[in-house]
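Data block below; observations after.
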Amino acid sequence: MPFSLLMTVRTRFAPSPTGYLHVGGVRTALFNWLYARQNGGSFILRIEDTDEKRNTPEANQVIFDGLKWLGLDWDEGPDKGGDFGPYRQSERSDIYGKYLARLEASGHVYEDAGAIRFRSPRRPVVVEDIVCGRIEFDMSNPATHPDMTIRRPDGSYIFHFVNVVDDIEMKLTHVIRGEDHLSNTPKHIELYEALGEKPPHFSHIPLILNNEGKKLSKRDGGSSISYFMEHGYAPEAVLNYLCLLGWSPGENRERLTMEEIRALFDLKKINRRNAIFDLDKCFWLNGQHLLSMSLARFVELAKPFVEKAGIAYGSDEALLPALAIVKPKVKHLCDVPDWIGYLFNEDFAFDPAAVDKSLKKPGASGRIEALGVALKEVEDWTHANVEACLKATATTLGVKAGELVHPARVAVSGRSVGPGLYEMFEVLGKDRTLERFDKAKAMAAD
RNA sequence: GACCCUAUCGUCCAGCGGUUAGGACACUGCCCUUUCACGGCGGUAACACGGGUUCGAAUCCCGUUAGGGUCGCCA
């Protein structure tokens, strides 16, 4: 094997199938993925399901679906295999048995009430961490650092042991994980040393906290990646937000594409402070991404929401212009159906408040009538032409453009808020616009 | 309780011995505008505290306080 291959970076994401994918876990996965991709290495997905009751197909699927949605692709894993599988801890018992035998042979373990414990060497352990620096742990006090159990009486193995064994077996070079594991690391290093193995490079990244400063938990809004999937966040926006927690590209840059993140991210520049998750800012960043992404990308992300809402948009040819005019306005993709629904449905609902405010205004009927008559003469139905027509009509009637714009907006959309009026006219087409004017007149005040 | 980590606007991130302490979210004033957004120009708002070191400290050191993490036959 060439020397360079021995040095190839290998990182992993090792979630436990709990039935939901935590944003903290996602950020850990992202940092591991970035480091592997930046160094031409491999990113491995390993499922830590030694706790039998958590091991369900559904819980596994949540992890796969979440990572796929985010675009964090893995090179080896339960679903695609690899040279160091199986990639589910529940299927690796024989491997753990071999490593346990090694510890037994070297006298590092002992039995205690049916369980097997690792005898700590009781020597100071130094953790050289890429993010945290050099930290020395005093392991001499058994009261505060008891010998860890590595196998239960029922024969199942404990996290610390399987985690280390797998990291050795899977030839991981870098372990990037949450800082909650920093205090566990000396124990892991003791295991590596007892096994005669070289520990990987460790990087402990700061934790993500909720708005009360506590560890983000299931109850907290936005703590599960499914929240972002359901609300229509762009995955690149979520990843962008997450990478900004504890890291910055400098120059006050915030909105970054994945390409930029891949180019700029630097493990060594991660700070050490825990960060509070700010859903408001993530929301803002999502809007920024929706605004700046290509229409093709927007369509790709929005279409599933449109389909799910059952909007009869007909063809892509009809859908695209509608999506194009709402793209600069929408902040959540799940709002797209509401923003475009009335463009594809002649029985759209009228917002009573909007009707009262614009259509019930004295003279509204006459103004809509006049605008309809004028628009009828517009031959080339473009944004520019309908705008010119409306403004000319306003001048003729001696009213401000707004006096026509507002009732017209309600007439064609049923609401007072929406995309640009002329864009809506253009998307609806001349005939449908004028038909809607006729209907609205019936509701309007004289 | 022991051990480990952390400490700049409400929040996130800059700063790394000399700055009017910067940017973003949120809040807010004005402008732009057909609505809502977007955008532009402003505003409110921070170096936890106390000692050192230094000509000079948000930046370095120590302590205090506060917060977080770990100390499982959870992962």
Practice problem: Filter segment A:293-318 down to residues that are aromatic (Phe, Trp, Tyr) and either over 19 Å from A:Asp338 (Cβ atoms) or in a helix (DSSP H, G or I) (or both) and give me whichever is most open to solvent (accessible area, probe 1.4 Å). | Solution: A:Phe305
Exercise. Would you please name the residue that is least open to solvent (accessible area, probe 1.4 Å), looking only at residues in segment A:45-66 that are more than 15 Å from RNA strand B (Cβ to nearest atom) and touching a strand residue (DSSP E or B) at 6+ places or on another chain (Cβ under 9 Å)?
Key: A:Gly66
Practice problem: Evaluate segment A:29-36: report whether one residue or more is over 26 Å from A:Ser156 (Cβ atoms), open to solvent by 20 Å² or more (accessible area, probe 1.4 Å), in contact with a His (Cβ under 9 Å, 6 or more places away or on another chain) and modelled with pLDDT of 95 or more. | Solution: yes
Exercise. Would you check if A:Val109 is under 17 Å from A:Ile176 (Cα atoms) and crowded, with 18+ Cβ neighbours inside 10 Å?
Key: no
Exercise. Report the residue count in segment A:220-248 for those that are assigned to a helix (DSSP H, G or I) and either within 15 Å of RNA strand B (Cβ to nearest atom) or within 13 Å of A:Tyr20 (Cα to Cα) (or both).
Key: 12
Exercise. Please tell me if A:Lys329 is open to solvent by 70 Å² or more (accessible area, probe 1.4 Å) and away from RNA strand B (no atom under 16 Å from the Cβ).
Key: no
Quiz prompt | Odd one out for A:Val378 among (1) of a type in the set (A, V, I, L, M, F, W, C); (2) without any contact (Cβ under 8 Å) to a residue 60 or more places away in the chain; (3) away from RNA strand B (no atom under 15 Å from the Cβ); (4) in a helix (DSSP H, G or I) | solution = (4)
Quiz item: Taking into account only those residues within segment A:175-219 that are charged (D, E, K, R), outside any loop (DSSP other than H, G, I, E, B) and within 16 Å of RNA strand B (Cβ to nearest atom), which is nearest to A:Leu67 (Cα to Cα)?
Solution: A:Arg177
Quiz item: Does segment A:257-299 hold any residues that are of a type in the set (A, V, I, L, M) and within 14 Å of A:Trp247 (Cα to Cα), and which are they?
Solution: A:Ile261, A:Ala263, A:Leu264, A:Leu267, A:Ile270, A:Ala275, A:Ile276
Self-check item: Selection count, segment A:225-234, where residues are buried (at least 22 other Cβ atoms within 10 Å of the Cβ) and touching a Leu at 6+ places or on another chain (Cβ under 8 Å)
Solution: 3
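The values are calculated or read from the model by the stated rules, or taken from the named source; none is laboratory data. Because the structure is predicted, anything quoted here is derived from the model rather than measured. Ideal geometry is used to build each Cβ from the backbone, glycine not excepted, and the neighbour counts take in all protein chains shown. Ligands, DNA and RNA are excluded from the accessible area calculation, which covers all protein heavy atoms including side chains. Shrake-Rupley method; radii C 1.70, N 1.55, O 1.52, S 1.80 Å.
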